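Down below is the structure, laid out as structure tokens.
No value in this document is a laboratory result; all are computed from the given coordinates. If you're wondering where the values come from, they're calculated on a predicted model, not measured in any experiment. Cβ sites come from the backbone with ideal geometry, for glycine too, and all protein chains shown count toward neighbours.
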Amino acid sequence: MTHRLSYRRYALEFRVPVRTAHGIWPVREGVLVRLETPGGDVGYGEAAPLPWAAGETVDAIEAACRRLGEEVDPAMLAAVPAELGCLRSALQTAGGQLPEVQATSARPVAALLPAGRAALPLLGPKAEAGFRVFKWKVGVGEVQEELGWLDELCARLPTGGKLRLDANGAWDRRTAERWLDRCAERPVEFVEQPCFVAATEGATAQQKVEDMLLGLAGDYPTPVALDESVQSDRDLARWLAAGWPGFYVLKPGLMGDMTGGLAALRKAGARVVFSSALETAVGARAALHRAFAWEGEIHALGFGVWPLFAEAALNGPTATPFIRWQDVTALNPEAAWNALS
Ligand code: MG
């Protein structure tokens with residue numbers, strides 16, 4: 001019984017270029033896939049790797065789709081190599097293999113603050129809008145200056161409010177220790193990816209930083225979160241085996257087959273934050289579906305990123321303090337697919 005596979009490669013300008021630790025990111029590239037069963041059921045998925053991630057590229061995804069051809073056996077879909085985690089995730093979604101969602105109560109969303117001093121005047125209005133968790137990019141400017149702004153931000157937090165600090169791997173050990181020292185007595189939910197070395201820089205260098213992260217997580221009361229360190233199902237398995245005690249920030253669209261990993265996280269009582277990889281409505285729907293299916297403790301979602309694109313049909317749910325299940329099911333993958341034609 002063959003399925004019909006089609007795909008559309010896209011390059012979409014962000015409404016506002018995204019500033020990251022890797023520089024300015026102006027255009028999101030990826031591939032949407034469409035899978036039709038012999039019975040006429042149609043599903044969509046999105047494969048959109050992060051451009052700085054090692055390994056999987058949009059070219060490689062497109063080439064793999066071309067190789068699969070128009071008429072595919074479901075067994076062939078399962079045989080897509082593990083290195084193409086985004087494509088595996090997209091095909092799984094398009095094939096309707098998503099976990100069941102039991103609890104559909106609304107999930108809180110973290111508000112995104114800009115890096116640097118620009119965060120200060122925005123925290124108040126976002127708190128007034130109803131946000132309680134605020135994410136601030138650090139490791140961008142001078143440490144001393146940023147630590148000063150940290151205190152100003154803490155002073156502006158609403159009752160019960162918390163900050164998430166994301167360093168995107170920018171710090172060395174000493175800087176990370178300075179920050180974690182400072183955070184100890186402050187309402188900081190976690191410090192995300194204080195240090196990072198990519199696998200492409202060699203196994204020894206990577207091991208050294210991963211040992212350092214484990215050390216930092218053990219030495220300070222403020223939890224440490226992994227993000228760049230967990231960008232595939234294989235990374236996740238490695239950190240689970242290492243007994244990572246901190247948070248996991250997971251971008252479902254990058255993670256290949258998460259089924260086993262999520263079950264293991266649940267069993268370990270791990271703290272998980274589901275997060276966007278700045279995808280279109282197709283990937284957003286799948287990633288949010290997986291976030292709603294999570295039965296562990298709920299932490300504010302990292303999905304307060306849309307609208308990212310000019311075309312409304314391509315955006316995930318607009319950033320608000322809560323995402324409801326009906327906001328997820330209202331996303332229309334077919335409309336997103338048609339918007340690319
Ligand atoms: Mg991050």
**Asked** So how strong a dipole does the chain carry about its Cα centre when Lys and Arg Cβ are +1 and Asp and Glu Cβ are -1, to the nearest 20 debye?
**Response** 520
**Request:** Would you mind computing, in nm to one decimal, how far apart the modelled labels at residue 2 and residue 178 are, each placed 7 Å from Cα along Cα→Cβ?
**Result:** 6.2
**Asked** Taking 0.36 nm per intervening residue step and subtracting the Cα-Cα distance, what contour gain separates residue 201 from residue 237 on full extension?
**Response** 10.9 nm
**Message:** Apply the Karplus curve 6.51 cos²θ - 1.76 cosθ + 1.60, θ = phi - 60°, to the phi angles in the stretch 54-68 and return the couplings in whole Hz, x for Gly and Pro.
**Reply:** 6, x, 6, 10, 5, 4, 5, 5, 4, 4, 5, 5, 4, 5, 4
**Message:** I need to check one value: relative contact order of the chain, counting alpha carbon pairs closer than 8 Å and at least 6 residues apart, in percent.
**Reply:** 18
**Request:** Could you line up 318, 57 from fewest to most neighbouring Cβ atoms inside 10 Å?
**Result:** 318, 57
**Message:** As a test of the formula, what do you get for the chain when each DSSP H run with n ≥ 4 contributes -39,500 (n - 2.57) and the sum is divided by the residue count, at 222 nm and rounded to the nearest 500 deg cm²/dmol?
**Reply:** -10500 deg cm²/dmol
**Request:** Could I have the simple spin-label model distance between residue 15 and residue 297, label points 7 Å from Cα toward Cβ, reported in nm to one decimal?
**Result:** 3.4
**Prompt:** Against the longest alpha carbon principal axis of the chain, how many degrees, from 0 to 90 and to the nearest 10, is the axis of helix 85-94 turned?
**Reply:** 60
**Prompt:** Within the chain, how many lysine pairs that are 8 or more places apart, or on different chains, have C-alpha atoms less than 19 Å apart?
**Reply:** 7
**Item:** Potential lengthening between residue 143 and residue 159 on full extension [0.36 nm per residue; Cα-Cα distance subtracted]
**Value:** 3.1 nm
**Request:** Work out the length of the dipole vector of the stretch 218-280 about its Cα centre, built from +1 on the beta-carbon of each Lys and Arg and -1 on the beta-carbon of each Asp and Glu, and round it to the nearest 20 debye.
**Result:** 240
**Item:** the stretch 1-137 - percent relative contact order, Cα under 8 Å, separation 6 or more
**Value:** 21
**Prompt:** Tell me, what ³J(HN,Hα) does each residue in the stretch 290-304 have, in order and in whole Hz, if you take phi through Karplus 6.51 cos²θ - 1.76 cosθ + 1.60 with θ = phi - 60° and put x for Gly and Pro?
**Reply:** 5, 5, 6, 7, 5, 9, x, 4, 9, 10, 3, 6, x, 10, x
**Fill in**
Expected sort for 280, 259 with the fewest Cβ neighbours (10 Å cutoff) up front is 259, 280
**Prompt:** Residues with amide H under 5 Å of residue 15's amide H, sequence separation 5 or more or different chain, H placed in the peptide plane at 1.01 Å from N; which?
**Reply:** 309, 310
**Complete:** Taking placed amide H atoms and a strict 5 Å upper bound, the residues 5 or more places from residue 272 or on another chain that come that close are 248
**Fill in**
So, relative contact order of the stretch 186-261 in percent, Cα under 8 Å, 6 or more apart, is 31
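Using R₀ = 25 Å, calculate the FRET efficiency as 1/(1 + (r/R₀)^6) where r is the Cβ-Cβ separation of residue 329 and residue 71; round to 0.05.
Efficiency, rounded to the nearest 0.05: 0.25.
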**Dipole moment magnitude, nearest 20 debye, the stretch 80-176 about Cα centre, only Lys, Arg, Asp, Glu C-beta charged** = 200
